[in-house]
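Only one structure is covered here, and it is reproduced in the block below.
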Amino acid sequence: MKLKQRDTRIPKSPCPYCGKMLDGATSYEGHKPSPGCFSVCIYCASIVQFDKKLRLIKVSDQKLKHLDTEEPRFMDKMRFYQRLVRDLDRRPPWEKQSEKPPEKTDV
């Protein structure tokens, strides 16, 4: 199965959990975000939801429990995306063990 990545610009809004500003959404199933859709913050891996203006809002614990019970396959997919985000290594290349620091040059 080939994943179809679709990047979409959304109105700039902060993640309701970590406060980082977000202005895009990526779908690996080719979907475009719409009001009520769920996503995962690329910074903190929290599950968020789009409001009527495609701004990010919190998802209540009650709603997450409901989804866990009623839509377990969907929640498995969301947890998979959360793991992907948590596994991202956002350090600059020279801070990673496999990379050497940039050479300092005298000017």
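Read-outs throughout are calculated quantities, based only on the coordinates presented, and are distinct from any laboratory measurement. This is a predicted model, so every value here is computed, not measured. Neighbour counts are summed over all protein chains in view; Cβ atoms, including those assigned to glycine, are modelled from backbone coordinates with ideal geometry.
Data table
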{"quantity": "Simple label model, 7 Å out from Cα along Cβ direction - residue 51 to residue 85, nm", "calculated": "1.8"}
{"quantity": "R0 of 41 Å, Cβ-Cβ distance residue 71-residue 21: FRET efficiency to nearest 0.05", "calculated": "0.90"}
{"quantity": "Across 4/77; 12/77; 32/65, pairs whose alpha-carbon gap is larger than 23 Å", "calculated": "12/77; 32/65"}
{"quantity": "Whole-Hz ³J(HN,Hα) from phi, Karplus 6.51 cos²θ - 1.76 cosθ + 1.60, for the stretch 19-29, glycine and proline x", "calculated": "x, 5, 7, 10, 9, x, 9, 10, 10, 9, 10"}
{"quantity": "In sequence order, calculated HN-Hα J values of the stretch 42-58 (Karplus, 6.51, -1.76, 1.60; Hz; x Gly/Pro)", "calculated": "6, 9, 10, 6, 6, 7, 10, 10, 8, 8, 4, 9, 6, 8, 7, 10, 5"}
{"quantity": "Kirkwood-type radius of the stretch 6-88, with distances r between different C-alpha atoms, in Å", "calculated": "13.0"}
{"quantity": "Spacing of the two label points (7 Å from each Cα toward its C-beta) at residue 37 and residue 5, in nm", "calculated": "1.7"}
